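Engineer: Let me give you the structure first, and then I'll get to my questions.
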Amino acid sequence: MSLPEFRLLRPRSIEDAVRCLSEHLGKDGLSLRMLAGGTDLIPSMRQKLFEPEYVLDLRGIVAMRGIRPQGDGGVEIGALTTLRAIERSDFLRQHYAVLTEAAATVASPVLRNMGTIGGNICLDTRCLWYNQSLTWRKGCGFCIKKDGDLCHVAPGGTKCWAVFSGDTPPALLCLDAEIEIASANGVRRVPLNDFYTGLGDNYRKLQPNELVTRIFLPASTAGYRGVYRKLRVRGSIDYPLAGVAVAMKSYDGHVADARIAVTAVNPAPLLVKGAGELLMGKPLDEALAEAVGDLAAKTAKPLTTSALTPEYRREMIRVFAKRAVLAAAAN
């Protein structure tokens, strides 16, 4: 499938990018798309999901690349930093291990060389009825997420259930990450936990004239032991069909703090509520890990948006959560 025609814009600074957004976005906000690594955008454009008049190529903005440890013990990561650089970073592996584990599972080495942390955070939601060719979508009568008013996942429903399938966001949620968002109105910094809406078709709180520029990890979560577990059909390339991230801190054999997050089973990556309280101050054993798995499974709300059944994916969330907390405790 060929790409639609478009004009390529190549800013060299964040200020230039913001100016291009203001000048070329259009009233509907659909005439421009931003390109970071292009591993998700380009296939979507080939499928005619997006046919923008302009593509804003951010890859020339040097200020949006790099992993920069901060004086307070935290770290700042440019949104254009590749997933391969995240995976290979000795600093991140030592201090924020769950992030390097999650980054290492994304697709293949070739795609990790191109894909960026900012792109993974802003990854479009996916669905069997949405991520298809234009001919296929026409045959289905389109859907709420693109050109139609019907959800094939939950027929008769008015909500889009397309699923979020990024690997690094659950790890970032466990690490209390914040993101910086720039626009013509200035810069704002928000917790990643507040960035996602839980709606498949309008899944993030990012206006068309805004772009994610940096990610911040605090010193308070540095040193947490981290584990990421992922279910996919093909181990070398596929998106997650269920994913669990765990970040844990222990003292004298007891859990001092723990965060667990799931991905690919809801329209947003989610922290498992109550998991930290359940584990706090207790020695981790098989029964407690089983209880954490049950809690994670209750958070997961998978529907028929992928090749595997919702029941199987929910059960794998349970299994992965149990295994991940045991592995984190054993590290």
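Engineer: Of the numbered conditions (1) in contact with a Ser or Thr (Cβ under 8 Å, 6 or more places away or on another chain); (2) more than 30 Å from Leu288 (Cα to Cα); (3) in a loop (DSSP other than H, G, I, E, B), Ala182 satisfies every one except a single condition; which is it?
Structural biologist: (3)
Engineer: Can you name the residue in the range 14-37 that is buried (at least 21 other Cβ atoms within 10 Å of the Cβ) and of a type in the set (Gly, Ala, Ser) and, of all such residues, is nearest to Gly186 (Cα to Cα)?
Structural biologist: The residue in question is Ala17.
Engineer: Quick test of your reading of the structure: Ile77 fulfils all but one of (1) at pLDDT below 95; (2) assigned to a strand (DSSP E or B). Name the failing condition by number.
Structural biologist: (1)
Engineer: Just checking, how many residues over the range 234-246 are surrounded by fewer than 24 Cβ atoms within 10 Å (Cβ to Cβ) and either at pLDDT below 90 or outside any loop (DSSP other than H, G, I, E, B) (or both)?
Structural biologist: 5
Engineer: Hey, another quick one. Kindly evaluate Gly71 against the criterion of being on the phi > 0 side of the Ramachandran plot, at pLDDT 95 or above and part of a loop (DSSP other than H, G, I, E, B).
Structural biologist: Here the answer is no, as Gly71 does not meet what is asked.
Engineer: For the range 208-228, indicate whether the set of residues that are free of Cβ contacts under 8 Å to residues at least 12 places away in the same chain, under 17 Å from Leu173 (Cβ atoms) and not polar (S, T, N, Q) is non-empty.
Structural biologist: If we filter the range 208-228 for residues that are free of Cβ contacts under 8 Å to residues at least 12 places away in the same chain, which is where we start, we get none.
So far as the range 208-228 goes, no, none of its residues is free of Cβ contacts under 8 Å to residues at least 12 places away in the same chain, under 17 Å from Leu173 (Cβ atoms) and not polar (S, T, N, Q).
Engineer: Check whether at least one residue in the range 316-328 is under 20 Å from the mean Cα position of the chain (by Cα), farther than 29 Å from Pro155 by Cβ and of a type in the set (A, V, I, L, M), and report yes or no.
Structural biologist: Yes, some residue in the range 316-328 is under 20 Å from the mean Cα position of the chain (by Cα), farther than 29 Å from Pro155 by Cβ and of a type in the set (A, V, I, L, M).
Engineer: Given the structure, is Gly118 crowded, with 19+ Cβ neighbours inside 10 Å and either in contact with a helix residue (DSSP H, G or I) (Cβ under 7 Å, 6 or more places away or on another chain) or closer than 30 Å to Thr309 by Cα (or both)?
Structural biologist: Working: crowded, with 19+ Cβ neighbours inside 10 Å: yes; either in contact with a helix residue (DSSP H, G or I) (Cβ under 7 Å, 6 or more places away or on another chain) or closer than 30 Å to Thr309 by Cα (or both): yes.
So Gly118 passes the test.
Engineer: Turning to a different aspect of this structure: Taking the options Ala102, Ala97, Ala79, Ala107, name whichever one is touching a Leu at 6+ places or on another chain (Cβ under 9 Å), surrounded by fewer than 23 Cβ atoms within 10 Å (Cβ to Cβ) and not hydroxyl-bearing (Ser, Thr, Tyr).
Structural biologist: Values: Ala102 fails: surrounded by fewer than 23 Cβ atoms within 10 Å (Cβ to Cβ); Ala97 fails: touching a Leu at 6+ places or on another chain (Cβ under 9 Å); Ala79 fails: surrounded by fewer than 23 Cβ atoms within 10 Å (Cβ to Cβ).
The unique qualifying residue is Ala107.
Engineer: Name every residue in the range 255-291 that is part of a loop (DSSP other than H, G, I, E, B) and surrounded by fewer than 18 Cβ atoms within 10 Å (Cβ to Cβ), in order of residue number.
Structural biologist: From the range 255-291, those part of a loop (DSSP other than H, G, I, E, B) are 264-269, 272-274, 280-285; that's our starting set.
Result: Lys273, Gly274, Met280, Gly281, Lys282, Pro283, Asp285.
Engineer: Would you confirm whether any residue within the range 98-115 is under 30 Å from Glu23 (Cβ atoms), acidic (Asp, Glu), in the same structural domain as Glu180 (by TED's automatic domain parsing) and touching a residue at least 40 places away in the same chain (Cβ under 8 Å)? Give the derivation first.
Structural biologist: Restricting attention to the range 98-115, the residues satisfying the condition of being under 30 Å from Glu23 (Cβ atoms) are 114-115.
If we keep only those that are acidic (Asp, Glu) too, we end up with none.
Within the range 98-115, none of the residues are under 30 Å from Glu23 (Cβ atoms), acidic (Asp, Glu), in the same structural domain as Glu180 (by TED's automatic domain parsing) and touching a residue at least 40 places away in the same chain (Cβ under 8 Å).
Engineer: Only residues that are in a strand (DSSP E or B), in contact with a helix residue (DSSP H, G or I) (Cβ under 9 Å, 6 or more places away or on another chain) and surrounded by fewer than 22 Cβ atoms within 10 Å (Cβ to Cβ): list them for the range 214-230, please.
Structural biologist: Residues of the range 214-230 that are in a strand (DSSP E or B), as a first pass: 214-217, 224-230.
Checking the rest, the ones that are also in contact with a helix residue (DSSP H, G or I) (Cβ under 9 Å, 6 or more places away or on another chain) come to 214-215, 217, 224-230.
Result: Arg225, single match.
Engineer: For Val18, indicate whether it is over 18 Å from the mean Cα position of the chain (by Cα), part of a helix (DSSP H, G or I) and either closer than 18 Å to Asp124 by Cα or not assigned by TED's automatic domain parsing to the domain that holds Arg234 (or both).
Structural biologist: Answer is yes for this residue.
Engineer: Checking Gln70 against (1) surrounded by fewer than 18 Cβ atoms within 10 Å (Cβ to Cβ); (2) not assigned by TED's automatic domain parsing to the domain that holds Val110, only one condition comes out false. Which one?
Structural biologist: Gln70 satisfies all of (1) surrounded by fewer than 18 Cβ atoms within 10 Å (Cβ to Cβ); (2) not assigned by TED's automatic domain parsing to the domain that holds Val110 except (2).
Engineer: Still on this structure, I have one more. Give the range 292-314 a look and list any residue that's crowded, with 16+ Cβ neighbours inside 10 Å and either hydrophobic (A, V, I, L, M, F, W, C) or assigned to a helix (DSSP H, G or I) (or both), or say none.
Structural biologist: Listed by number, the residues that qualify are Val292, Gly293, Leu295, Ala296, Ala297, Thr299, Ala300, Leu303, Leu308, Pro310, Arg313, Arg314.
The values are calculated or read from the model by the stated rules, or taken from the named source; none is laboratory data. Bear in mind that the values here come from a model prediction, so they are computed numbers and not experimental data. Neighbour counts run over all protein chains shown; Cβ positions are idealised from the backbone, glycine included.
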